[in-house]
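Engineer: Okay, here's the structure, questions in a sec.
The values are calculated or read from the model by the stated rules, or taken from the named source; none is laboratory data. Please read all numbers here as calculations on a predicted model, not as lab measurements. Don't worry about glycine lacking a Cβ; one is built from the backbone with ideal geometry, like all the others, and counts go over all protein chains shown. These area figures cover heavy atoms from the full protein model, side chains too; ligands, DNA and RNA do not enter into them. Shrake-Rupley method; radii C 1.70, N 1.55, O 1.52, S 1.80 Å.
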Amino acid sequence: MIRELKSKNLAWRCPKSWVPKNGTAAVKPATTIVAQDRAVEAIGFGLGIRSLGFNVFVTGMSGTGRLTTIKTFVELLAKGKERPDDICFVFNFRKPDEPCELFLKAGAGGRLRKGMDGLVDELSDNLPAILSDRDFRSRIERTVEPLQRREKELVTAFEKEVTGSGFSLVQVQAGMVTRPEILPVVKETPVPLEKLGELVEQGVLTADDVTRLTEEHGRLTEKFRDVFQEVAEIRRMVQDRVEEVRRKLLQPAFDAAVDRVRRSVKDPRAEVYLDAVAADLGENLELFMVSDDEVPGDVDQFLRWRINLVVDNSDASGRPVVMETEPSYTNLFGTIERTMTSSGETTTSFMHIRAGSLLRANGGFLVLNADDVLMEPRVWPGLKRALKYRRVQIQSMESVVLGATLLSPAPVPIDVKVVIIGSRDIYDLLFQHDTDFPKIFKVLADFDNLLENSRDHARDLLSVFRRVIDEEELLQLDSSGAAALLEEAVRLGGWRRRFSSRFSDLSDLLRESSYTAGQNRSKVISRTHVEQAHAARRRRHSLSEDRSLQIISEGVVTIATSGVVVGQVNGLAVYDLGHHRFGKPSRITAQVGLGREGVINVERQAGLSGPTYDKGVSILTGFLRGTFTRKSPLTMACSVTFEQSYGGIDGDSASSTEIYAILSALAGIGLRQEIAVTGSVDQFGRVQAIGGVNEKIEGFYRVCEASGLTGSQGVLIPSTNVGDLNLAAEVVRAVAEGRFHVWAVDAIVDGVEILTGVRAGRFRKGKGWTPGSVFEQCQNRLDEMAVLMRAATKGRSCDTKVEPNE
């Protein structure tokens with residue numbers, strides 16, 4: 001069936017009853033995302049359930065409210081809830097290279113840090129005075145006096161034995177060091193053993209004297225070693241006794257100082273650490289005896305008792321919400337920083353451990369962008385491990401890249417809900433190719449980019465506009481402006497029965513319309529302002545379209561908009577630049593000759609066609625075969641191509657157009673060049689819906705307008721696309737005035753009759769096609785080529801001579 005569409009069928013106009021008389025001024029602003037019930041329900045479920053793996057992956061087109069919805073949900077769930085623990089790193093007194101994490105109630109981490117700093121300051125101020133106090137030293141001296149007396153007695157007794165044996169204990173200089181040595185005394189003078197031989201030669205000593213002295217020296221030396229070892233043991237015991245007494249005397253002070261910290265922290269999880277601190281203070285008293293002058297300026301001698309508070313939730317009002325916009329490895333998982341000392345050495349400590357987003361979001365929510373996460377090296381595998389095992393291993397970048405590490409902090413357990421925002425393509429790829437992905441992202445929240453075109457959804461959209469107006473102090477929309485913006489939402493949706501839910505794009509048009517109204521000194525935004533803003537936006541982005549139109553108008557690219565040509569028809573294509581979509585006509589031609597190749601796809605032979613386009617050509621071949629090969633095979637060679645097309649092409653929306661060109665070439669009947677055609681086709685000749693119908697019609701309209709509208713020009717579209725029409729006002733106006741036309745067809749036979757002015761024809765069993773019809777002439781041409789092909793084949797066979805074997 002052929003139907004010429006009236007202007008009222010070409011665009012959707014918002015019913016007046018859908019918009020308040022006072023426009024958006026009479027609409028309440030939206031308090032949450034609208035018309036995304038499926039996605040909202042999924043997000044609520046995913047964020048509410050605390051079981052392992054129920055993290056949320058949010059998909060949908062950018063601008064559909066994904067981020068707004070996530071922020072609203074997580075902030076609502078986080079607000080007023082119990083604050084998660086603070087996270088500290090503390091010194092490991094048993095294994096200094098393996099710092100320990102310490103979880104404390106929110107705010108307790110700061111109190112612990114402050115308390116430990118105060119403890120160190122207090123002890124460093126008071127201990128040196130206590131240790132140098134006369135009474136304190138006297139108690140220590142009384143404690144070690146028996147041991148010192150024992151040491152003195154041993155040394156005195158040995159010295160007497162040495163002297164009585166004719167020897168002397170002297171200090172001998174050996175380079176920079178002095179050491180005790182036992183030397184024989186000859187004539188009241190200590191003499192080294194090696195010089196005793198000279199005294200024999202001088203007659204001072206006899207050989208027997210030397211032998212006796214040497215043997216006695218050996219005995220005394222052996223005993224000296226025993227005495228020396230015993231003295232060293234006594235001195236060790238003295239030192240131990242001193243340390244023991246010091247600890248015993250100072251432990252009450254340590255315990256009191258630690259107890260003050262304990263009372264301040266008020267968290268039983270700190271008990272084990274504080275007990276270890278109290279013991280460690282007594283074992284490292286010497287650190288308090290070192291003066292500030294003896295410590296380099298970049299060294300903290302009390303580092304072991306400091307607290308590294310990596311996550312501080314003292315000021316939080318509920319669960320944390322972290323929106324990580326730069327998820328590098330260090331930003332997400334944390335790092336261990338390094339510093340350079342005054343001597344040029346690189347060093348680090350547990351105080352240089354820094355938390356990443358995962359730790360800062362612990363107990364709450366972390367929101368990430370899929371593109372950012374997948375682009376950063378090592379981040380995706382690390383995130384999977386963290387969510388899978390519920391822990392974070394903080395490492396420095398050097399250890400991540402090179403495998404070398406100075407510190408190995410214990411893995412930190414985490415309880416965090418992760419939300420990733422990405423495209424559906426990324427979700428599908430990860431789901432199919434990453435075996436861990438379905439286990440850790442079990443919830444899909446899919447945002448729809450279309451809403452049903454209804455009065456309720458129109459009010460929802462207006463409430464979103466009102467919220468933007470209030471938040472950004474824009475001008476209000478009057479009833480005409482609100483209707484115009486709703487009509488633009490339908491056009492952006494690409495389907496007259498649907499609104500677009502790309503709120504960001506619609507809000508941008510609202511902002512631009514408000515600016516335009518302000519420039520015109522208007523107090524409200526009217527339809528005129530919306531149309532002006534839309535036209536200005538189109539002008540900013542349409543340079544490529546204007547250049548394409550210009551080269552067509554100048555004849556560089558040949559597009560005929562009048563006359564009749566055999567085997568040539570105007571097809572339509574949509575060019576999507578991302579920021580701008582526009583339609584442009586293309587000249588499609590067909591040439592038929594004798595052969596058996598069937599339909600020759602020139603684009604495919606040139607490597608310029610995509611799989612969908614190739615499928616369309618195969619389908620139209622099926623239509624031709626089913627229509628004309630009732631008695632004989634399809635015997636022809638027909639090349640089909642997009643003329644002056646030098647880039648890739650895909651899609652099947654030109655398959656009906658190519659059929660018209662082929663039928664015209666077969667029948668020798670010209671096609672009207674003032675009509676452009678779009679529509680895919682099935683093997684039965686039914687014309688099917690295509691995408692971008694509005695852009696295609698408008699593109700051909702602008703070409704015709706540039707060359708001059710004749711009143712007979714127009715576009716042929718599938719009937720199933722009529723519901724998608726939402727054409728620009730100038731096109732609708734031209735149709736209303738009879739200067740341009742839009743026809744809707746159901747089947748190829750309908751399009752043939754419009755393009756040729758000749759009946760397509762109906763096949764009558766036993767009689768063939770309707771006399772004089774296009775299909776009859778196509779059938780006659782095909783039958784003629786079949787006869788010629790058989791004759792040509794038979795002639796070649798008869799002319800072939802067989803040469804005898806030599």
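Engineer: Any residue at all in segment 369-383 that's closer than 30 Å to Leu492 by Cβ and loosely packed, with under 15 Cβ neighbours inside 10 Å?
Structural biologist: Taking every residue of segment 369-383 in turn, at least one turns out to be closer than 30 Å to Leu492 by Cβ and loosely packed, with under 15 Cβ neighbours inside 10 Å.
Engineer: What pairs can you find where one residue is in segment 148-159 and closer than 12 Å to Asp226 by Cβ, the other is open to solvent by 50 Å² or more (accessible area, probe 1.4 Å) and among the basic types (Lys, Arg), and their Cβ atoms are less than 9 Å apart, with a gap of 6+ or different chains?
Structural biologist: Phe158/Lys223
Engineer: Taking interchain pairs and intrachain pairs at least six residues apart, which have beta carbon atoms under 9 angstrom, with the first residue in segment 727-756 and farther than 16 Å from Thr710 by Cβ and the second assigned to a loop (DSSP other than H, G, I, E, B) and among the charged types (D, E, K, R)?
Structural biologist: From residues that are farther than 16 Å from Thr710 by Cβ, the pairs are Arg733/Arg739; Ala736/Lys6; Val749/Arg759; Val749/Arg762; Val752/Arg759; Glu753/Arg759.
Engineer: Go through segment 516-547 and report how many residues are crowded, with 20+ Cβ neighbours inside 10 Å, among the hydroxyl-bearing types (Ser, Thr, Tyr) and under 39 Å from the mean Cα position of the chain (by Cα).
Structural biologist: The total comes to 1.
Engineer: I would also like to ask the following. Just checking: which of the strands (runs of 3 or more DSSP E) contained wholly in segment 546-623 hold 3 or more residues that are modelled with pLDDT of 90 or more and in contact with a Pro (Cβ under 8 Å, 6 or more places away or on another chain)?
Structural biologist: Hits in segment 546-623: 568-576.
Engineer: Of the residues Phe775, Phe763, which is on the phi < 0 side of the Ramachandran plot and open to solvent by less than 20 Å² (accessible area, probe 1.4 Å)?
Structural biologist: Phe775
Yes/no per residue for (1) farther than 20 Å from Val464 by Cα; (2) in contact with a strand residue (DSSP E or B) (Cβ under 9 Å, 6 or more places away or on another chain):
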position: Asn22; (1), (2): no, yes
position: Thr32; (1), (2): no, no
position: Arg50; (1), (2): yes, yes
position: Gly53; (1), (2): yes, yes
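Engineer: Scan (1) open to solvent by 20 Å² or more (accessible area, probe 1.4 Å); (2) among the hydrophobic types (A, V, I, L, M, F, W, C); (3) out of contact with any Pro (no Cβ under 8 Å at 6 or more places or on another chain); (4) more than 30 Å from Asp371 (Cβ to Cβ) for the single condition Met323 breaks and write down its number.
Structural biologist: Result: Met323 passes all but (4).
Engineer: Inside segment 108-166, can you point out the residues that are surrounded by 14 or more Cβ atoms within 10 Å (Cβ to Cβ) and of a type in the set (Ser, Thr, Tyr)?
Structural biologist: Within segment 108-166, Ser124, Thr143, Ser165 qualify.
Engineer: Taking Phe89, is it surrounded by fewer than 21 Cβ atoms within 10 Å (Cβ to Cβ) and over 30 Å from Asp505 (Cα atoms)?
Structural biologist: Considered against the rule, which asks whether it is surrounded by fewer than 21 Cβ atoms within 10 Å (Cβ to Cβ) and over 30 Å from Asp505 (Cα atoms), Phe89 comes out as no.
Engineer: Another question, if that's okay. Can you tell me how many residues in segment 618-639 are of a type outside the set (Phe, Trp, Tyr) and closer than 20 Å to Asp682 by Cβ?
Structural biologist: The total comes to 13.
Engineer: Condition test on Ala270, is it of a type in the set (A, V, I, L, M, F, W, C) and open to solvent by 20 Å² or more (accessible area, probe 1.4 Å)?
Structural biologist: no
Engineer: Listed residues Arg455, Arg491; which is under 15 Å from Ala11 (Cβ atoms), open to solvent by 10 Å² or more (accessible area, probe 1.4 Å) and touching a residue at least 60 places away in the same chain (Cβ under 8 Å)?
Structural biologist: Just one listed residue meets the conditions, Arg491.
Engineer: Among the numbered criteria (1) in contact with a Lys or Arg (Cβ under 9 Å, 6 or more places away or on another chain); (2) of a type in the set (D, E, K, R); (3) more than 16 Å from Ile33 (Cα to Cα), which one does Arg455 miss?
Structural biologist: The failed condition is (1).
Engineer: Here is a further query. Does any residue in segment 221-239 that is within 19 Å of Gln171 (Cα to Cα) and in contact (Cβ under 8 Å) with a residue 60 or more places away in the chain come within less than 8 Å, Cβ to Cβ, of a residue that is assigned to a helix (DSSP H, G or I) and among the acidic types (Asp, Glu) six or more places away or on a different chain, and which pairs are these?
Structural biologist: Close Cβ pairs satisfying both conditions: Lys223/Glu161; Val231/Glu151.
Engineer: Another question, if that's okay. Is it fair to say Gly651 is touching a Phe, Trp or Tyr at 6+ places or on another chain (Cβ under 7 Å), in a loop (DSSP other than H, G, I, E, B) and either at pLDDT below 95 or among the β-branched types (Val, Ile, Thr) (or both)?
Structural biologist: yes
Engineer: Hey, does segment 640-649 have a residue that's of a type in the set (Val, Ile, Thr), open to solvent by less than 50 Å² (accessible area, probe 1.4 Å), under 22 Å from Val742 (Cα atoms) and within 43 Å of the chain's Cα centre (by Cα)?
Structural biologist: no
Engineer: Now a separate question. Please find, among Gly203, Gly197, Gly218, the residue that is exposed (fewer than 14 other Cβ atoms within 10 Å of the Cβ) and not in a helix (DSSP H, G or I).
Structural biologist: Matching residue, one of Gly203, Gly197, Gly218: Gly203.
Engineer: Now a separate question. Listed residues Val185, Val170, Val210; which is of a type outside the set (Gly, Ala, Ser), over 30 Å from Asn284 (Cα atoms), open to solvent by less than 40 Å² (accessible area, probe 1.4 Å) and assigned to a strand (DSSP E or B)?
Structural biologist: Val170
Engineer: Taking segment 722-775, which residues are small (Gly, Ala, Ser) and within 25 Å of Gly583 (Cα to Cα)?
Structural biologist: Gly723, Ala728, Ala729, Ala734, Ala736, Gly738, Ala744, Ala747, Gly751
Engineer: Cβ-Cβ distance below 7 Å, separation of 6 or more or different chains: which pairs start in segment 265-281 with a residue that is farther than 22 Å from Ser314 by Cβ and end on one that is modelled with pLDDT of 90 or more and not in a helix (DSSP H, G or I)?
Structural biologist: Going by the 7 Å Cβ cut-off, the qualifying pairs are Ala276/Phe93; Asp280/Phe93.
Engineer: Determine if segment 173-180 includes at least one residue that is modelled with pLDDT of 80 or more and assigned to a loop (DSSP other than H, G, I, E, B).
Structural biologist: Among the residues of segment 173-180, not one is modelled with pLDDT of 80 or more and assigned to a loop (DSSP other than H, G, I, E, B), which makes the answer no.
Engineer: Continuing with this model, one more query. Among Ser562, Ser507, which is the only one that is hydroxyl-bearing (Ser, Thr, Tyr) and under 30 Å from Gly708 (Cβ atoms)?
Structural biologist: None of the other options fit; the residue is Ser562.
Engineer: Report, by residue number, each residue of segment 677-697 that is within 28 Å of Ala729 (Cβ to Cβ) and of a type in the set (A, V, I, L, M).
Structural biologist: The answer is Val677, Val687, Ala689, Ile690, Val693, Ile697.
Engineer: Scan segment 470-482 residue by residue and report those that are open to solvent by less than 10 Å² (accessible area, probe 1.4 Å) and either among the basic types (Lys, Arg) or out of contact with any strand residue (DSSP E or B) (no Cβ under 6 Å at 6 or more places or on another chain) (or both).
Structural biologist: Ala482, the sole residue that qualifies.
Engineer: What are the residue pairs meeting all of these: first residue in segment 284-303, first residue within 26 Å of Lys248 (Cα to Cα) and modelled with pLDDT of 75 or more, second residue of a type in the set (S, T, N, Q) and part of a helix (DSSP H, G or I), Cβ atoms under 8 Å, and 6 or more apart or on different chains?
Structural biologist: Phe288/Ser124; Phe302/Ser124
Engineer: Would you mind stating whether Val227 is β-branched (Val, Ile, Thr) and either buried (at least 18 other Cβ atoms within 10 Å of the Cβ) or touching a helix residue (DSSP H, G or I) at 6+ places or on another chain (Cβ under 6 Å) (or both)?
Structural biologist: When the stated conditions are applied, Val227 passes them.
Engineer: Quick one: is Tyr660 without any contact (Cβ under 8 Å) to a residue 40 or more places away in the chain and of a type in the set (Phe, Trp, Tyr)?
Structural biologist: It is false that Tyr660 is without any contact (Cβ under 8 Å) to a residue 40 or more places away in the chain and of a type in the set (Phe, Trp, Tyr).
Engineer: Okay, moving on. For segment 673-689, what are the residues that are crowded, with 23+ Cβ neighbours inside 10 Å and within 20 Å of Phe775 (Cβ to Cβ)?
Structural biologist: Once the filter is applied, which keeps residues that are crowded, with 23+ Cβ neighbours inside 10 Å and within 20 Å of Phe775 (Cβ to Cβ), segment 673-689 yields Val677, Gly679, Val681, Val687.
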